[in-house]
Amino acid sequence: MVAGSSASIGIYQPLFNRAVREYLDPGFIVLDWLHNPSSELRELALHHYILQSRVFERHSLTGLLSPKFFSKTGLTSREVKDWIRHNPGHEIYCFDGRPFVPYTHYNSIERGVITHPELEDLMRRVCRAIGFDFPVHLGRQTNREAVYCNFWCANASFWQRWGREIVLPIFELVRNDALLARKVFCRMPYRSPTPVFPIVFIYERIMSYYIQTKGIDAAMFPWTAERILGLNWSPPMREYLAHNIPWIDELDRGRPWTTDDRAKLADAYGRLLSHADIRAHEADSFDPQNYDLPARKPPATTPR
């Protein structure tokens, strides 16, 4: 399904249906996923394939980015590769796919439980079952700590370790903990026409805490206020970010957050939601007629 390639940076995008082809960045490598055997598992199934097929051994760095990558980040393949080349030597390179979240929530788990109240409990149960020491106390996450949307690429040793400690144990849950597996490998309400399992959202959030607890040498893409504000937003969301990014960034640079700080952020976001129906749709990253499709196409670029 993947043509042979020996590029030092091998970043793939999955062609999971024919309609998505025109949204793929020509500077990335197309991964033919039209058969899409486990659509409910999203990137978890694709990462499992990369591990099982040893695709990660073909490159110095290997990653897989969804077709929505450009819509969510505004980054082209050239910008991604240039940034990596200018910051050599790290185990993993991360591109947070939802850079607005630190300005709406204290951390990614707090964000998740709003729409999926059982998320933290299920995540802790999954982590215990697979042997990952998930932190007891969850601190503040900025864009220097959070990795949303599985937007990352890593070296072969990281892929091997990630597969051994996280991916393969997750797939073994069906055999090792059938009761828990039934709770996380089941269809859940979601805005996409393609069904999704809860394990997808759990898997996505583990990476941030894996990097933190394992001391992984990670390079995090530097999201500046200007770059964030340059993305596509509805007017209320843009106004919210312009008003709140400055004080939140100043606080993150200055001292640990207090209970009052968390309440101030929650109140600010609550006021936004009280007059703008944007919950879970803050960023204009998907086609309003079909959530499976991105909102924008990347510009034609010359691959490097």
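Could you list, in sequence order, the residues of the stretch 60-86 that are at negative phi and not in a helix (DSSP H, G or I)? Result: SER60, LEU61, THR62, GLY63, LEU64, LEU65, SER66, PRO67, LYS68, LEU75, THR76. When THR213 is tested against the conditions (1) of a type in the set (Val, Ile, Thr); (2) open to solvent by 20 Å² or more (accessible area, probe 1.4 Å); (3) part of a loop (DSSP other than H, G, I, E, B), the lone failure is (3).
Might you check whether a residue that is within 21 Å of THR76 (Cα to Cα), in contact with a Cys (Cβ under 6 Å, 6 or more places away or on another chain) and surrounded by 14 or more Cβ atoms within 10 Å (Cβ to Cβ) occurs anywhere in the stretch 6-16? Scanning the stretch 6-16, I find at least one residue that is within 21 Å of THR76 (Cα to Cα), in contact with a Cys (Cβ under 6 Å, 6 or more places away or on another chain) and surrounded by 14 or more Cβ atoms within 10 Å (Cβ to Cβ), so the answer is yes. As for the stretch 60-72, it holds at least one residue that is more than 14 Å from GLU204 (Cβ to Cβ), surrounded by fewer than 21 Cβ atoms within 10 Å (Cβ to Cβ) and of a type outside the set (Asp, Glu). Looking only at residues of the stretch 1-59 that are assigned to a helix (DSSP H, G or I) and hydroxyl-bearing (Ser, Thr, Tyr), we find that the one that is modelled with the lowest pLDDT is SER39.
In the stretch 243-263, which residues are open to solvent by 40 Å² or more (accessible area, probe 1.4 Å) and of a type in the set (D, E, K, R)?
Of all residues in the stretch 243-263, those open to solvent by 40 Å² or more (accessible area, probe 1.4 Å) come to 243, 246-247, 250, 253-256, 258-260, 262-263.
Within the stretch 243-263, GLU250, ARG253, ARG255, ASP260, ARG262 qualify.
List pairs: first in the stretch 228-242 and surrounded by 15 or more Cβ atoms within 10 Å (Cβ to Cβ), second of a type in the set (Asp, Glu) and part of a loop (DSSP other than H, G, I, E, B), Cβ under 6 Å, 6+ apart or cross-chain? What qualifies is MET237/GLU282.
Quick check on VAL30: is it surrounded by 18 or more Cβ atoms within 10 Å (Cβ to Cβ) and over 18 Å from the mean Cα position of the chain (by Cα)?
Working: surrounded by 18 or more Cβ atoms within 10 Å (Cβ to Cβ): no; over 18 Å from the mean Cα position of the chain (by Cα): yes.
No: the conditions fail for VAL30.
The values are calculated or read from the model by the stated rules, or taken from the named source; none is laboratory data. Please read these numbers as outputs of a predicted model, since none were measured by experiment. FYI the Cβ positions are ideal-geometry reconstructions off the backbone, even for glycines, and counts take in every protein chain you see. Areas reflect the complete protein model, heavy atoms only, side chains present, ligands, DNA and RNA absent. Shrake-Rupley method; radii C 1.70, N 1.55, O 1.52, S 1.80 Å.
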